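Before any comments, here is the structure.
The values are calculated or read from the model by the stated rules, or taken from the named source; none is laboratory data. In this text, all values refer to a predicted model and were calculated from it rather than measured experimentally. Methodologically, a virtual Cβ is constructed for each residue, glycine included, from the backbone with ideal geometry; neighbour enumeration extends over all protein chains shown. Surface areas here come from the heavy atoms of the whole protein model, side chains and all, with no ligands, DNA or RNA. Shrake-Rupley method; radii C 1.70, N 1.55, O 1.52, S 1.80 Å.
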Amino acid sequence: MNFLKPLNIPLVHVLKILAFLVCITYINIANASLVTVKVEGLDVFDWGSISTEAPGAGSSGPIALNWDPNNSFQTELLAFNSGYSGTGGASCWIGVDCALQLSVTAQNTIMQLVSFTLGYYGDKGIVQYNVIDLATKASVFSGAPLVSGSSVSLIDVNASSNKGFLILFGPDGFNGGINNIAYSYYQSAPIIPTPLPTAVW
């Protein structure tokens, strides 16, 4: 702790400040709100456009869901309340680059995309996905799992952003598509500049 001597700041004060910061961080994480969006619960007819019948469906608090971020008839997400795999999901007409966007709408908010599931039409097939952070425009998670048509595959993401995420996926062939989108959010403490003590100067 020799680096603190030139500042004349007692070690006990430094420890108190660190304890306070840890406490604030813990409180924010502990108060995170977990939301799981199930396509079956969106009250949208089979083969219905989610963005048309239920704009913003699944949005909660400072997180807004856009089921047609490309504003395109071909890639808007359609609801399937019971697919060939026996589960619901959302898919798009062309089955490639289906898109779902989750956006943070309030300042000092951190969102965590926890997970989602992917389905497939038929016996089994490859479903590619790519999760893009809206803050950096960079891919943070991607893959191409072999998905069975009789079940769904859970994709654990666990990535955080202060802007949100764009999820691209396909082809899924109008089976389960994407479903069970789990995300959480919490208010981060704003950074308030603190004047240095007179002793430092």
Subject >> aspartates and glutamates with Cα under 14 Å of K124, excluding same-chain neighbours fewer than 8 positions away >> reply: D172
**OP:** Return one whole number: the accessible area per residue of region 93-150 in Å², for a 1.4 Å probe.
**Re:** 47
Subject >> A159 long-range amide H proximity, modeled H, under 5 Å >> reply: L113
Subject >> Whole-percent carbon and sulfur share, accessible surface of region 65-120, 1.4 Å >> reply: 43
**OP:** Would you mind listing how long region 82-187 runs along its three principal axes, going by Cα atoms, in whole Å with the largest first?
**Re:** 44, 22, 21
**OP:** Would you kindly find the accessible area of W93, with a 1.4 Å probe and non-protein molecules such as ligands, DNA and RNA excluded, rounding to the nearest 10 Å²?
**Re:** 100
Subject >> Label-zone membership for region 145-164, site K124, 7 angstrom Cα→C-beta point, backbone N under 15 Å >> reply: 145-154
Original post:
So how much accessible area does S160 have, in Å² to the nearest 10, using a 1.4 Å probe?
Top reply: 70
**OP:** Let me know the shape class of region 62-113, please: from the alpha-carbon gyration tensor, a ≥ b ≥ c as square roots of the eigenvalues, rounded when a/c is under 1.5, otherwise prolate if a/b is greater than b/c, or oblate.
**Re:** oblate
Original post:
What full-extension length gain, to one decimal in nm, is calculated for V96 and S160 as 0.36 nm per residue of separation minus the Cα-Cα distance?
Top reply: 20.5 nm
